[in-house]
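Enquirer: One structure follows; several queries about it will come next.
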Amino acid sequence: MIKIWSMKKNEEAANKKKPKTSAAQIRVQKDLTELDLPATMQTNFPDPADLLNFTLTITPDEGMYQGGAFTFSFVINTNYPHDPPKVKCLPKIYHPNVDLEGNVCLNILREDWKPVLNLNSVMVGLQYLFLEPNAEDPLNKEAAEDLRRNRDAFIANVRSSMKGSTVKGITYERVTV
Amino acid sequence: MAAVVHPGQASHLGDWAGRYFHIDQVLDKPGPRTDPSFLAGDGVKKFLREECKILVIGAGGLGCEILANLALLGFKDIHVIDMDTIDISNLNRQFLFRQKDVGQPKATVAAEFIMKRVPGVKVTPYFGKIQDKDDDYYMQFNLVVCGLDSIEARRWMNATLVNLVDPENPESLKPLIDGGTEGFKGQARVILPTVTSCYECSLDMLNKPTAFPICTIANTPRLPEHCIEWASVLEWPRIWKDKKMDTDDPEHIGWLYGVAAARAKEFKIEGVTWALTQGVVKNIIPAIASTNAIIAAACCNEAFKIATSSAAYLNNYFMLIGTDSVYSYTFIHEQRPECPVCGGESVEISISRDFTVESLIEMLTEKQHIQIKKPSLSTPTKQIYLQAPPQLEAATRPNLEKKVSELVADGGEVTVTASSLPFSLSLRITYT
Ligand SMILES: [Zn+2]
């Protein structure tokens, strides 16, 4: 058997024994405790001992979604950060990039996720969706079509959907604060 | 068939005539590049054939090849772990299995096959998860060879072997040889836990599974895969709500296939089949028998060289790309100082049993050589004190007044993270 220990001794790192805390666990702790969120975003942990399941509420202070509170669920699995967090929008909202089931079209949540990204990048990305809804990547086709055709009419729809009205046959949830 | 090379030597029973003719050319005399510690002749043969205990993780595509290679190289005490049972689709490349074995545990069938085919070799199977076994179990082996397709299982195995390294005990350092294939591509690497870069160090080098933008899936499907992802990512949760999709359940796959096929018809897309549906939702990358054979051979060569010191071993990453003709490349993958498994630092701290969490945090921020700004502390099972977000800070704040000894056992580990640390710091707490 090759003598690895002699190489090991030459290194100045003989005491690198680590705890059994999983890499995913350490990474989530690091991500969460170093979150740098503006006042428009707030996390909530139903069980503070469980760092892997929580919600994020975004209350935009500008743009067409100003005045609403939008809550997203975050579910992180033990293969984080290889796997991205699973994010869903909880209320039913009128938004071109969010469908009626709460699926969100944000590239870094799927095809462009990389382990070097973190929870902060995802949260900032979500907030951006409310400042700049994007008609090019539609998940709610009607909303995207409205935004493309007539921005003013789209804004009016956003305002009334946020109050819990029906837009084009679909009743949205009241999200105004 | 049962001719014995060394009559009278019990340990060589089952070795047929000429079994070691070729291998012994390598083991009987040193070569120009042989490691100085190499003991040519009986010493090394005795170690390999009578003492060395090797663990194989996975008895699938790579595992079957690895087990056969190791047995033929002369390893005689082989253990194998696999949690899967044999599926009919395995039979084209997992050559230790036959049609009659379908439904049986891979580890058990593979072990029996090897023992029958290569007399004198003992293969001990374990049908279950690697996570079922504890440190004492892993301590008994000299070497570990991994032939897995799961990233999660590999991360666990890697972290377990890194954590096993005890500075006081040379035997605790178990070389890990990791093989992996994806279609025509593959890699084999030698990981010397804490000495070389580990699996976690290279996590961001991995090819991520192909994911399609969710809006493409929803609106502009062009490929059969888009239709299948539409069924599994969007339609399943919409129709079945919280019911979990089980990709091993034929009824679930059947439902997805039906939904995907209807979608494909609507958009005039061809190619949605049952097999493709299963492949996409289980994220199955086509396995090529010959890629498995090459990578398994590379892994077993390294296992043999490390076990015998008969030649220089791989330092430390071998990459095979067979998609455009044949290309291979060997390089040293560097250890990452910020690796959460093998990087970071470990510090021993001795405090009195009355020492509070608050004083511990103060000590961390003041200590000259550490100087951590705003540290967050946890044990493997609970949070001690988190600096943020506000809700978690408030939830853990009552711990500040508690004694560390109430929360952490003597000799226990505390993980510290802080923005001023590249990754994490591990504290080993002992009480005076
Ligand atoms: Zn590492």
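Enquirer: Starting at the first residue of the range B:35-50, write each ³J(HN,Hα) from the Karplus equation 6.51 cos²θ - 1.76 cosθ + 1.60 with θ = phi - 60°, in whole Hz, x for Gly and Pro.
Expert: 4, x, 7, 5, 9, 4, x, 4, x, 5, 5, 5, 4, 4, 8, 10
Enquirer: While we're looking at this one, here's another question. Express as a percent, rounded to the nearest 5, the fraction of DSSP beta bridges in chain B (both residues included) that run antiparallel.
Expert: The antiparallel fraction comes to roughly 55 percent.
Enquirer: Excluding same-chain residues fewer than 8 positions from B:LYS53, which aspartates and glutamates have a Cα within less than 13 Å of its Cα?
Expert: B:ASP77, B:GLU171
Enquirer: What are the semi-axes of the equivalent ellipsoid for the range B:214-282, taken as the square roots of 5 times the Cα gyration tensor eigenvalues, largest first, in whole Å?
Expert: The answer is 18, 14, 9 Å, longest axis first.
Enquirer: With +1 on each Lys and Arg Cβ and -1 on each Asp and Glu Cβ, how big is the dipole of the protein assembly as shown about its Cα centre, in debye rounded to the nearest 20?
Expert: 760 debye
Enquirer: What number comes out for the charge environment of A:GLY164, summing +1 per Lys or Arg and -1 per Asp or Glu over other residues with Cβ under 13 Å away?
Expert: Counting the neighbours of A:GLY164, the net charge comes to +3.
Enquirer: Where in chain B lies the longest segment free of GluC sites (Glu not before Pro) that are both loop residues by DSSP (not H, G, I, E, B) and have at most 15 other Cβ atoms within 10 Å?
Expert: Counting at most 15 other Cβ atoms within 10 Å as exposed, the longest clean stretch of chain B is B:1-167.
Enquirer: Turning to a different aspect of this structure: Identify the GluC sites (Glu not before Pro) of the range A:114-177 meeting these criteria: DSSP loop state and at most 15 other C-beta atoms within 10 Å of the C-beta.
Expert: A:GLU136, A:GLU173
Enquirer: Which of B:LEU223, B:TRP240, B:PHE267 sits closest to the plus end of the dipole of the range B:214-282, meaning its Cα is farthest towards the positive end, when Lys and Arg get +1 and Asp and Glu get -1 on the C-beta?
Expert: Of the candidates, B:PHE267 comes out farthest on the positive side.
Enquirer: Something else: Using alpha-carbon pairs under 8 Å, 6+ residues apart, how would you state the relative contact order of the range A:21-171 in percent?
Expert: For the range A:21-171, the relative contact order is 19 percent.
Enquirer: How much of the DSSP beta bridge set in the range B:46-203 is antiparallel, as a percent to the nearest 5?
Expert: 30 percent
Enquirer: Spelling out what I want: for every residue of the range B:336-353, take phi, set θ = phi - 60°, compute 6.51 cos²θ - 1.76 cosθ + 1.60 (Karplus), and round to whole Hz; glycine and proline get x.
Expert: 9, x, 8, 5, x, 9, 10, x, x, 10, 10, 10, 8, 10, 10, 10, 7, 5
Enquirer: Considering the range A:21-171, what Rg and Dmax in Å follow from its alpha-carbon atoms?
Expert: Computed over the Cα atoms of the range A:21-171, radius of gyration and Dmax are 16.0, 53 Å.
Enquirer: Running a GNM on chain B with Cα contacts under 10 Å, which residue among B:ASN169, B:ASN301, B:ASN292 ends up with the highest mean-square fluctuation?
Expert: B:ASN169
Enquirer: Looking at B:ALA395, B:THR356, B:GLN383, which one has the Cα that reaches farthest to the positive end of the dipole of the range B:334-405 (charges on Cβ: Lys, Arg +1; Asp, Glu -1)?
Expert: B:ALA395
Enquirer: Which cross-chain or sequence-distant (5 or more) residues have an amide H under 5 Å from the amide H of B:HIS333, H modelled 1.01 Å from N in plane?
Expert: B:ASN316, B:TYR317
Enquirer: Work from the charge dipole of the protein assembly as shown (Cβ charges, +1 for Lys and Arg, -1 for Asp and Glu, about the Cα centre) and give the residue of B:LEU67, A:GLY68, B:ASN169 farthest towards its positive end.
Expert: Farthest along the dipole direction, towards plus: B:LEU67.
Enquirer: Before rounding to the nearest 500, sum -39500 (n - 2.57) across all DSSP H runs of length at least 4 in chain B and divide by the residue total; then give [θ] at 222 nm in deg cm²/dmol.
Expert: Calculated at 222 nm, the ellipticity per residue is -9000 deg cm²/dmol.
Enquirer: Note down the net charge around B:SER290, summing +1 for each Lys or Arg and -1 for each Asp or Glu among other residues with Cβ under 15 Å from its Cβ.
Expert: 0
Enquirer: Also, quick follow-up: Which of the lysines could be linked to B:LYS403 by a straight reach, that is with a Cα gap under 16 Å, when you skip same-chain ones fewer than 8 residues away?
Expert: Excluding near neighbours in sequence, the set is B:LYS382.
Enquirer: If you put +1 on each Lys and Arg Cβ and -1 on each Asp and Glu Cβ, how big is the dipole of chain B around its Cα centre, in Debye rounded to 20?
Expert: The calculation lands at about 880 debye.
Enquirer: About its Cα centre, what dipole magnitude does the range A:21-171 give when the only charges are +1 on Lys and Arg Cβ and -1 on Asp and Glu Cβ, stated in debye to the nearest 20?
Expert: In total the dipole reaches around 300 debye.
Enquirer: Also, I was wondering about something else. Where both partners of a DSSP beta bridge lie in the range A:21-171, what percent of those bridges are antiparallel, to the nearest 5?
Expert: Roughly 100 percent of the beta bridges in the range A:21-171 run antiparallel, per DSSP.
Enquirer: Rounded to the nearest angstrom and ordered from largest down, what semi-axes does the equivalent ellipsoid of the protein assembly as shown get from its C-alpha gyration tensor (root of 5λ)?
Expert: 49, 35, 19
Enquirer: Based on alpha-carbon centroids, what's the gap between the range A:116-149 and the range A:69-97 in Å, whole number please?
Expert: A separation of 13 Å, based on Cα centres.
Enquirer: In Å and from the alpha-carbon atoms only, list the Rg and Dmax of chain B.
Expert: Cα radius of gyration and Dmax of chain B are 25.9, 75 Å respectively.
Bear in mind these aren't lab numbers, they're just calculated from the coordinates by the rules spelled out. Predicted, not measured: the structure shown is a model, and the values here were computed from it. Please note: Cβ atoms are built from the backbone with ideal geometry, for glycine as well, and neighbour counts cover all protein chains shown.
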